[in-house]
1. Quick one: how many residues across region A:84-100 are farther than 17 Å from C:MET38 by Cα, within 13 Å of chain C (Cβ to nearest Cβ) and touching a Gly at 6+ places or on another chain (Cβ under 9 Å)?
2. Looking only at strands (runs of 3 or more DSSP E) that fall completely inside region A:101-149, which ones have 2 or more residues that are over 14 Å from A:ILE225 (Cα atoms)?
3. Can you name the strands (runs of 3 or more DSSP E) wholly within region B:51-151 that have at least 2 residues being open to solvent by 60 Å² or more (accessible area, probe 1.4 Å)?
4. Working only within region D:149-186, note down all residues that are under 18 Å from D:THR19 (Cβ atoms), in a loop (DSSP other than H, G, I, E, B) and in contact with an Asp or Glu (Cβ under 7 Å, 6 or more places away or on another chain).
5. Please state which of the following conditions A:LEU433 fails to meet, knowing it meets all the rest: (1) touching a residue at least 40 places away in the same chain (Cβ under 8 Å); (2) surrounded by fewer than 15 Cβ atoms within 10 Å (Cβ to Cβ).
6. From the list B:GLU105, B:GLU55, exactly one residue is at pLDDT 95 or above and either under 15 Å from B:VAL128 (Cα atoms) or within 14 Å of chain A (Cβ to nearest Cβ) (or both). Which is it?
Amino acid sequence: MEDKRIREHPVLEFERGHEIHFDFEGEEVKAYKGETIAAALYANGLVKFTESKHHHRPRGFFCAIGKCSSCIMTVNGIPHVRTCVTPVEEGMKVKRHGALPEFPKEVPPSSPEAKESKVDIAVVGGGPAGLSAAIIAAQHGADVHLFDEGDHQGGQLVKQTHQFFGSHLEEAGTRGIDLAEDLLREAKKAGVNLHPGTTVLGYYPEKTLAVESKNGLEIYHTKGIVYATGAVENYLAFENNDLPGIYGAGGVQTLMNEYGIIPGEKVLMIGSGNVGLIVGYQLLQAGVDVVEVIEAMPNFGGYQVHASKLRRAGVPISTAHTIKKALGTDRVEGAVVHVLDEDWQPVPGTERELECDVICIAVGLHPDNQFVRQAGAEMKYVRELGGFVPIRTEDMETTVEGVFVAGDSAGIEEATVAALEGKLVGCALVERLFGTSDEISDMKEDIKAGIEQMRKGPYGEYPRRGVKLCTLDEEVC
Amino acid sequence: MTDYKETGILSLDDIKKPSEDRLKKGPVVVIECVENIPCDPCVAACPKDAISMDEITDIPSIDFDGCIGCALCVTECPGLAIFVVDCTSDPCTITVPYEYLPVPEKGEKVFALDREGKRVQVSKVVRVRSSGKTYGITLEVDRENIWKVRGLEVKR
Amino acid sequence: MTVMICRCEDITEEEILEAISQGYTEIEPLKRRLRIGMGQCQGKTCIPLVERILARERCKKPEDMDEPTARPPSRQVSFGLLAGDRDE
Amino acid sequence: MSEKAGAVVIGGGVNGLGTAYHLAKKGYTDVVVLEKSYVCSGASGRNGGGIRQQWSSRENIKLAMESTKMFEGLSEELGEDMEFIQGGYLVLAFDEDEVERFEKNVALQRKMGLNTEFVSPEEAKEIVPQLNISKVKAATFNESDGTIYPFLVVHGYARAVREMGVEIREHTEVTDIEVHGDEITAVKTDKGIIETDTVVNAAGGWSNQIARMAGVELPNKPYRHEIMVTEPFAHFLDPMVISFHHGIYFSQSKHGNIVGGIGNPDEKEGINQRSSMWFLRTMAKTLVDFIPQFRSVNMLRQWAGLYDTTPDAQPIIGPVPELERFYQLNGFSGHGFMVSPVVNKVTAELILGEEPSMDIDRLSVTRFEGMDLEQEYSVVG
């Protein structure tokens, strides 16, 4: 059987657990302890995971982080299991269930009674923003609980094999993966209560969170909530855009850099922002051929240095190009791309076919604002920040008292800014809980200056303008 | 500015080059970083303070006379945009950053690539240094290729 | 020709355009009519695309569009876990 | 800016638009329907779509029976599949009092021509094989009850009335109702004034606020009621299952999802449409008690709407004594959708001065002045 697992990587080391076996529709599948069901199946060459509800189209591995519905199967008799976030276990029985599964026949054991507790601060999301907020608050004596769906906290940092840009004083030059380690170590040292593998189910009045943990339902009554829930990738509308083999850049990164599994052999990258360029480079590092990067704009969007890395490896970057359709019936077998004119119209006669088995979509991110909206925060569409963002004070408090945001969920920016915003929120929470001090005010000033620094220059102009549009004037409120 | 935002390839006019005189004196850094990116690890990497910037978003300013061509910055640049050229030997050498597998060995013959990934010549690896997982690989290149070669491909 | 907009509820661009032409010209009614954004991903993938289609069809700016209400749970959760009827 | 309309309907839900539909069908289209949000944004778009005829009061049985007949023909009438599934309603009794009451209900229903059956717990389990009947004492079942997708019905009406020339104004909020003596003269909105002498108050949970604008006090009070939906399954559940004892109801939609809710006996009066932790947990606990296999079923989302509740849990229909042309169409106490077809038709008849096709005098607001209230007991939630 095909094996898509990466055995050697220039940057990453994959620590695979011992070999285990599980049953997939009557066939024995080899996996390694620590892999998810979907990752193991994908590594073994499975393309169709489920099918769509009405049009019965094949659905493949897609988001890789348990947020979509593309990998749901029946596992040990339980339907609708997100196999991309469910770890494999020896002897497990996994079955596809198509569009609609049968109502379960078995009755699983009961779960423990919900646990309720009162805490100072709940932080949702363990990326650079959430961790930074939690660290500052905990260092100053707050009882801080940080929830993250991943078993490896660190947010998207854990997928970043490249060295970070930014100030050397703010960890630039460190790889994302190492940065995540540092932040986690610091969080533990500061006494942050880390809850990896937990899902925040919802906001309930007043500042109460329902959380799904491995031990059951947990309810946290808080004095302050920080939503640092990051971003969601933009999807793209084109013909056959749902074929297995079409993934978001995040899904590709998760598969490749967390599970050590290559998405395919030949990848067409759509989008030339930093995400597209960086993931393109990471694909090359994993030994995957990047056939082309296409970009609808007349110029590529990311840093020239990232583009140069790809160009030096012989990867063409075609600007003013877009995808017309994906080719294939059960999975991607190629793509048709064409040139766009100044009015975004296809230029006749420029269509050409590319051979590829993966189409990676990297056409930007939008803030994951679902949680703040649930809490009832007032939102505003700010193009410069990637979509709808909560209106906030300078300290990043939303219009819901005691509910804060930081990082990409407040507006799409770089990881360094996310970390700085997290720190700022940490300070604001300390002030709320314990009153202000010279130390905290000084710290806040420094952080604000740091954020301002990061937003200087041509690449900072856009977010700088965006933030102005959704930040309340302190004087007014 | 040339059309590098369309092509991803810098032209020689975009790059600040050391003078011919400076090139004769010893190895020296070439930084192919032309955008105002908020980034400054190169500044911290230089033991001679030959790279500087006032604001983090400035383009690095290089004191070619202060640079000793030590190549410490080559592996520190997140953009893999720093190279060291040495025209004092024959053939000349160029140190390029490298983060792929396999890692070439000293003495190995590799393809030297240009900015478009095209093979320019066959080069001998004369030095392999690493900082973390990023390597600085020093290649022998013909004098006429020192402004062309910016990458390598292992022949194995 | 299939241009998929809502992967979870399996709704294509054509079906959305059809519903808009039937008078479902706001995000909430469109959501209830076609179930877009009401599947497992809670609209994370499709809603920005639907907003763009709506804006285009109604000649409006994305700024003038509304976001649909966000409902808990953020992620589907089993009744077994919620019921929690086992004493530890 | 001032304009005129023959009648103004306040509320773009099923009752407002249903009434506009019946008016238009009779050729009366000089009607403006005002909706402060979008069509079907209130309780009409938030309820479980149950169509039940098994009531305890004569009035409600009559309304529901006639309405069910009308729902049966509605898909054809409006030219779109309304997803009306007549899978029956299985009503469960959990104590002797309920058994006794159910016996009376069935007797009354059968007397009125409704073919409801009194069934044993074992027979109930035959209808829903997954059901835990350990605490069930008895049940009643009526196979012509069922569910419909409310949103499609309301939008079906909206489309039909627009085609017939009725104007629906969404995002238009009523701010005042002008009254001179015993006559209405105009409805004021945030977008302008409409002169009219006839107003239909179909504002659901907001109907007492609307009535107050015209100086009329209604006994209706809004209460939050919560509901949820699961991930979909292949069809396995025919009827809507309900228990008055628990305040729970659930059924399977055409798309395979289970839709259900449970009422909170401690819910406080007021306009609140936010989701609660109480519901999240209580719904789950009750559901797995009813069908233990629900343990491995996922809830997809929860939401809330408003019951517009009257003291006797029966609707208020018809004009008020103070204002002859101020028609009430509210106080449905959680079952406004299922009785809407006939009350909408009758309201249209009243407005046009026709002889009502069903006698609804007992549903006038004046009934609360006397002591002669016939309490409806069969309210879920």
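The values are calculated or read from the model by the stated rules, or taken from the named source; none is laboratory data. None of the values given here were measured: they were computed from a predicted structure. Positions of Cβ are backbone-derived with ideal geometry, glycine not excepted, and every protein chain shown enters the neighbour counts. These area figures cover heavy atoms from the full protein model, side chains too; ligands, DNA and RNA do not enter into them. Shrake-Rupley method; radii C 1.70, N 1.55, O 1.52, S 1.80 Å.
1. 3
2. In region A:101-149, A:115-118 are the strands (runs of 3 or more DSSP E) which contain 2 or more residues that are over 14 Å from A:ILE225 (Cα atoms).
3. B:119-131
4. D:GLU170, D:THR172
5. It fails just one condition, (2).
6. Criteria check complete, one pass: B:GLU105.
This table checks each residue for (1) within 11 Å of chain A (Cβ to nearest Cβ); (2) under 26 Å from B:ILE9 (Cβ atoms).
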residue: B:ALA71; (1), (2): no, yes
residue: B:ILE82; (1), (2): yes, yes
residue: B:SER89; (1), (2): no, no
residue: B:ILE94; (1), (2): no, yes
residue: B:ASP114; (1), (2): yes, yes
residue: B:GLY117; (1), (2): yes, yes
residue: B:ARG127; (1), (2): no, no
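Here's the yes/no breakdown for (1) within 28 Å of A:GLY155 (Cα to Cα); (2) modelled with pLDDT under 95; (3) open to solvent by less than 10 Å² (accessible area, probe 1.4 Å); (4) hydroxyl-bearing (Ser, Thr, Tyr):
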{"residue": "A:GLU19", "(1), (2), (3), (4)": "yes, no, no, no"}
{"residue": "A:PHE49", "(1), (2), (3), (4)": "yes, no, yes, no"}
{"residue": "A:HIS54", "(1), (2), (3), (4)": "no, yes, no, no"}
{"residue": "A:ALA64", "(1), (2), (3), (4)": "yes, yes, yes, no"}
{"residue": "A:SER70", "(1), (2), (3), (4)": "yes, yes, yes, yes"}
